[in-house]
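Chemist: Sharing a structure with you now.
The values are calculated or read from the model by the stated rules, or taken from the named source; none is laboratory data. In this text the structure is predicted, and so the values were computed from the model without any measurement. Heads up, the Cβs are rebuilt from the backbone with ideal geometry, glycines too, and the neighbour counts pull from every protein chain shown.
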């Protein structure tokens, strides 16, 4: 990518090797059983949730404005939620995460998951869900403060939780996309931490790897053809988990490096952030009822054009993989280069979004399902 020319060929290659090969320093003998357990929880949760949903009629029904064609159970992300909360507990006990932050992350994630679980069983007011997300943000911010984090990082934690929870809920509308993006983003954040923090980054990478493992355990139930959907319990958990991972990444930043690292941390999340932000912004400008569900996202339009969810999920995965590599290549550069790399991806994302959605976004239709706002 041209914007990376300012990084320097040798420097970029060195940073890529450091991030991608740093996992060699992990204690895999001790880590692999935990990763396997996280994957097993993700898989078992989907299987049990599907049986529960079929027994109790917890189905998302197809319709002309929805992306699926057959009635599909929901709530399969509960295994990911359980795995992530346990990962927070384990990370605090093992020293992979400051204990105060781990406790706050676990409690906040549990609150978001419970709100999502209730909503998967019976509609919960959007205001009550939003309140749960805001409180979870406050809990995480308090954890950052008690762990000795800077005030700006606590503020970021407070804002990031409701934003990320709702972004992942907005973008959970076709088979496999939300889970695969979360798995890739977590891996990218882990690699970025290793490239930026060395040995400290290796330890901090383990919570991200546990989240990725749980996602991979669930994914076969949701892709290429969904036998069960994540539900709000799953999408909400993925959102707050990624917010926690970003906060953890920034908490280890050296003085003066936080801003640049924050810019790079946006890259693994950029596919969802760009699509969700531009779509929401356009709906507000167009004076639509932006707080209601819709099918106007780029990924939804692309799925309708291609007639399949699979190529769209792979296209988003390809974008995220390139974004991770760009972040790693730029991790050893100055702030201006990092900002330029991020700006380049934003500009490219705007062009792709505009081409995917068309110039007249007023054709957006309202729909009551897959893409429910929080």
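Chemist: Go through (1) in a helix (DSSP H, G or I); (2) surrounded by fewer than 22 Cβ atoms within 10 Å (Cβ to Cβ) and name the single condition residue 211 misses.
Modeler: The failed condition is (2).
Chemist: Something else about it: Return the residues of the range 87-105 that are part of a helix (DSSP H, G or I) and crowded, with 24+ Cβ neighbours inside 10 Å; say none if nothing qualifies.
Modeler: Matches in the range 87-105: 87, 88, 91, 101, 102, 104, 105.
Chemist: Collect the residues in the range 263-296 that are closer than 18 Å to residue 235 by Cα and part of a loop (DSSP other than H, G, I, E, B), keeping them in residue-number order.
Modeler: Matches in the range 263-296: 268, 269, 291, 292, 293, 295.
Chemist: Continuing with the same structure: Determine if the range 133-147 includes at least one residue that is closer than 18 Å to residue 166 by Cα, more than 19 Å from the chain's Cα centre (by Cα) and assigned to a loop (DSSP other than H, G, I, E, B).
Modeler: No, because not a single residue in the range 133-147 is closer than 18 Å to residue 166 by Cα, more than 19 Å from the chain's Cα centre (by Cα) and assigned to a loop (DSSP other than H, G, I, E, B).
Chemist: Report, by residue number, each residue of the range 169-203 that is farther than 17 Å from residue 80 by Cβ and surrounded by fewer than 24 Cβ atoms within 10 Å (Cβ to Cβ).
Modeler: Correct list: 197, 198, 199, 200, 201, 202, 203.
Chemist: Modelled with pLDDT of 95 or more and surrounded by fewer than 24 Cβ atoms within 10 Å (Cβ to Cβ), is that true of residue 134? Break it down stepwise before answering.
Modeler: Details: modelled with pLDDT of 95 or more: yes; surrounded by fewer than 24 Cβ atoms within 10 Å (Cβ to Cβ): yes.
Considered against the rule, which asks whether it is modelled with pLDDT of 95 or more and surrounded by fewer than 24 Cβ atoms within 10 Å (Cβ to Cβ), residue 134 comes out as yes.
Chemist: Go through the range 151-176 and give me each residue that's farther than 27 Å from residue 127 by Cβ, assigned to a helix (DSSP H, G or I) and in contact (Cβ under 8 Å) with a residue 40 or more places away in the chain.
Modeler: 152, 153 - these are the residues of the range 151-176 that are farther than 27 Å from residue 127 by Cβ, assigned to a helix (DSSP H, G or I) and in contact (Cβ under 8 Å) with a residue 40 or more places away in the chain.
Chemist: Scan (1) within 18 Å of residue 321 (Cβ to Cβ); (2) not in a helix (DSSP H, G or I) for the single condition residue 227 breaks and write down its number.
Modeler: (1)
Matching residues to (1) under 12 Å from residue 171 (Cβ atoms); (2) modelled with pLDDT of 90 or more; (3) under 20 Å from the mean Cα position of the chain (by Cα); (4) crowded, with 23+ Cβ neighbours inside 10 Å:
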site: 234; (1), (2), (3), (4): no, yes, yes, yes
site: 248; (1), (2), (3), (4): no, yes, yes, yes
site: 257; (1), (2), (3), (4): no, no, no, no
site: 268; (1), (2), (3), (4): no, yes, yes, yes
site: 287; (1), (2), (3), (4): no, no, no, no
site: 293; (1), (2), (3), (4): no, no, yes, no
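Chemist: Then there's this: On the given criteria, is residue 263 free of Cβ contacts under 8 Å to residues at least 24 places away in the same chain and at negative phi? Before the answer, list the steps.
Modeler: Values: free of Cβ contacts under 8 Å to residues at least 24 places away in the same chain: no; at negative phi: yes.
The answer is no for residue 263.
Chemist: Related question: Does residue 275 fit the bill of being closer than 30 Å to residue 204 by Cα, within 17 Å of the chain's Cα centre (by Cα) and either modelled with pLDDT under 90 or surrounded by 21 or more Cβ atoms within 10 Å (Cβ to Cβ) (or both)?
Modeler: Criteria met by residue 275.
Chemist: Okay, next question. Checking residue 145 against (1) in contact with a helix residue (DSSP H, G or I) (Cβ under 6 Å, 6 or more places away or on another chain); (2) touching a residue at least 60 places away in the same chain (Cβ under 8 Å), which test does it fail?
Modeler: All conditions are met except number (2).
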